[in-house]
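Before any comments, here is the structure.
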Amino acid sequence: MDYKYIEQLLDRYFRAETTLQEEQILKSFFAQGAEDMPQELQQYAPLFAVIGEQPVLGDDFDERMLAQLPADVVPLQRKQVKARTISITERLRPLFGAAAMVAILLTVGNAINQSMRPDTTWMDVEEYANIKAESEEANVAYDQVSGTQTLAKDNIPTQTPSDSLFNGSVD
């Protein structure tokens, strides 16, 4: 007898990869007897002996079980349930509410934090006018400096590549 094949079938059986025919081969192998079987395979014989003794339920098993249930439960069992598709917005709707609550809490917390600061003062109209005048003076000074830079750049002579010492020619 080819015991390697039986060992391979056992490995596949315990990984739940065997077909019904292969399981039947294992059942018939272990049903033969244990006298010529190796010791390491004899330990599986009781398992397949129990599996071979299992009764077959039959085709009318479902009807027999439903007949034993009370009459008021049976209609609930036969009720058809239709699948409903759920859109992505329906799935995320609870998260939208949570995000809104977080935004509200952050806004209120920021407002409370700003109102509790002692150094927070409002700018009056005179201060705003002074800042605006200083800003305009800074812009005028910037324009004058940039005009001076443009004049200076126009008056600086530039050197052409042929006048360079590193143009590749040796004098």
Exercise. When all protein chains stay in place, what accessible area (Å², nearest 10, 1.4 Å probe) is found for Val81?
Worked result: 130 Å²
Seminar exercise, completed: Per the rule of 0.36 nm per residue minus the C-alpha distance, extending Ser28 to Arg93 adds in nm 17.5 nm
Exercise. Asp143 accessible area, nearest 10 Å², 1.4 Å probe?
Worked result: 100 Å²
Problem set entry | Phe30 accessible area, assembled protein chains, probe 1.4 Å, Å² | 20 Å²
For this session: Pull out the extension gain between Phe14 and Gln43, defined as 0.36 nm times the separation in residues minus the alpha carbon to alpha carbon distance; nm, one decimal.
Result: 9.0 nm
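The values are calculated or read from the model by the stated rules, or taken from the named source; none is laboratory data. Just so it is clear, the model here is predicted, and its values are computed rather than measured. Note: accessible area is taken over every heavy atom of the protein model, side chains too, but ligands, DNA and RNA are not part of it. Shrake-Rupley method; radii C 1.70, N 1.55, O 1.52, S 1.80 Å.
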